[in-house]
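Bear in mind that the values in this text are calculations on the coordinates, not laboratory data. Remember, predicted model here, so these are calculated numbers, not experimental data. Note that each Cβ is placed from the backbone with ideal geometry, even for glycine, and that neighbours are counted across all protein chains shown.
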Amino acid sequence: MKKKIVHVITGLNNGGAEGVLTRLCLNGQDFEHVVISLTDLGKYGPQLLEAGIKVHGLKMSPGRPSFRKLFELSKLIKNENPFLVQTWMYHADLFGGVAAKLSGVERVFWGIRHSTLDKNNSKLLTRIIARVCAVLSYILPERIICCAEKAKDVHARIGYQKSKLVVIPNGYDLRKFSPDSESRERLRSEFNVPVAMPLLGMVGRFAEQKDHKNLIDALSLIHSALDFRCILVGDNLNGQNSQVCEWVAHAGLAGKVLLAGPRTDIPEIMNALDIHVLSSNGGEGFPNVVAEAMACGTPCVSTDVGDAKAIIGNTGTTCPVSDCQALSRSIKKLPMSW
């Protein structure tokens, strides 16, 4: 009989941690996986259910934990009777860790996905919960799994028990993310971008942390010398986003920046690009999009967030955050169809 692992995560909408959890469950056939979302089933819940993995949604209101939901979670964990409980992200670490102990589960493994905890990238409640977790780290978890070396260092500095912090980088399905010339041609045809035209892109939801304004400002510094296109892929990156449209128009990039919205064909997108750019200003741990682009043979430019510099090594370039001049220079350093 396979040993059972219960995963507790804040939610299952589109995000790096959610994607890693899904990949782990779909590919970890040596164990029986059960997933509990503190909120709803989101994007990944149906995929997990379709694969035969049990998924529960507690329907907790975001930012409003309750003792009733805590005991509901504890009862759910007890009924599953797992070998261990793995929690994902601060809210689930705290709520799931306490519930696991209440249910009698001794083995609890926390999961940390952030590499910064500043007011620009983390809500006040999140920062408070992280500090509470730092205190409880001495008694609740057996191990604390960090996705990046920087995440480990940051959390050790704010008081997490150092001896429990372990780094396990994200994993990827290289059957999906690999060089594919046919995908490159097909996607460029869809977006009406000639094969020889330099094509940049960034995959990431529209959020302050991703700092799309920084990327657009950087592109405005090179567009007079280069005819290029740039595809922005992610939630709320479409023509209805008046803020992005205003930035693009003000930068003189109308027709050059293409807003593609959310897509499910990310491997194809990565293959279509000459360069993938990550312009985040913080909050990243082990940026999935950087590794995914590199797996497809696409060079990367990234701001120096999380473990991006270590991931990219000498295959691309990194630069300081929130510096459009530096970002534009980094882009120009990489070979394209200039």
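If I stretch the segment between E142 and S66 completely, what's the gain in nm (0.36 nm per residue apart, minus their alpha carbon distance), one decimal?
Contour length minus the Cα-Cα distance gives 24.9 nm.
How large is Rg over Rh for the range 7-51, taking Rg from the Cα atoms and Rh as the Kirkwood inverse mean of 1/r across Cα pairs?
Rg/Rh: 0.92.
More than 20 angstrom separation, counting every C-alpha pair in the range 181-333; what % is that?
Tail of P(r) above 20 Å: 42 percent of Cα pairs.
Lys/Arg Cβ at +1, Asp/Glu Cβ at -1, dipole of the range 128-214 taken about the Cα centre: which of V154, M202, F177 is farthest positive-ward?
Value: V154.
Only Cα pairs within less than 10 Å get springs; with that Gaussian network setup on the chain, which residue of A100, A207, A151 has the largest fluctuation?
In this elastic network of the chain, the residue with the biggest mean-square fluctuation among A100, A207, A151 is A207.
Ranking request for peptides 292-298, 109-115: highest mean number of other beta-carbon atoms within 10 Å first, then the rest in descending order.
Working: 292-298: 21.9, 109-115: 25.3.
Most protected by this proxy first, the peptides run 109-115, 292-298.
Which of the aspartates and glutamates could be linked to K101 by a straight reach, that is with a Cα gap under 18 Å, when you skip same-chain ones fewer than 8 residues away?
Once the sequence-local aspartates and glutamates are set aside, what remains near K101 is E72, E80, D93, E142.
Could you point to the residue in V34, L124, L70 farthest towards the positive end of the chain's charge dipole, with +1 and -1 charges on the Cβ of Lys/Arg and Asp/Glu respectively?
L70
At q = 0.14, 0.16, 0.19 Å⁻¹, what is the log10 ratio I(q)/I(0) for the range 4-167, with the Debye formula run over Cα points and no solvent?
Once normalised to I(0) and log-transformed, intensities are -0.66, -0.88, -1.27.
For the pairs K3/K119; K4/K150; K162/K333; K150/K332; K3/K210; K162/K213, note any where the Cα-Cα span goes beyond 32 Å. Write down the numbers at each step before the final one.
Numbers: K3/K119 40 Å; K4/K150 30 Å; K162/K333 39 Å; K150/K332 27 Å; K3/K210 38 Å; K162/K213 37 Å.
From the list (K3/K119; K4/K150; K162/K333; K150/K332; K3/K210; K162/K213), the Cα-Cα distance tops 32 Å for K3/K119; K162/K333; K3/K210; K162/K213.
Taking amide hydrogens as modeled 1.01 Å from N in the peptide plane, which residues meet the under 5 Å criterion relative to I36, leaving out close sequence neighbours?
Under 5 Å from the amide H of I36: H7, V8, I9, H56.
What list of ³J(HN,Hα) couplings, whole Hz, do you get for the range 66-79 from phi and the Karplus terms 6.51, -1.76, 1.60, once you set θ to phi - 60° and write x for glycine and proline?
9, 5, 4, 5, 4, 6, 5, 5, 4, 5, 5, 5, 4, 5
Given N residues in the chain, what is Rg(Cα) / (2.2 N^0.38 Å)?
This ratio for the chain stands at 1.03.
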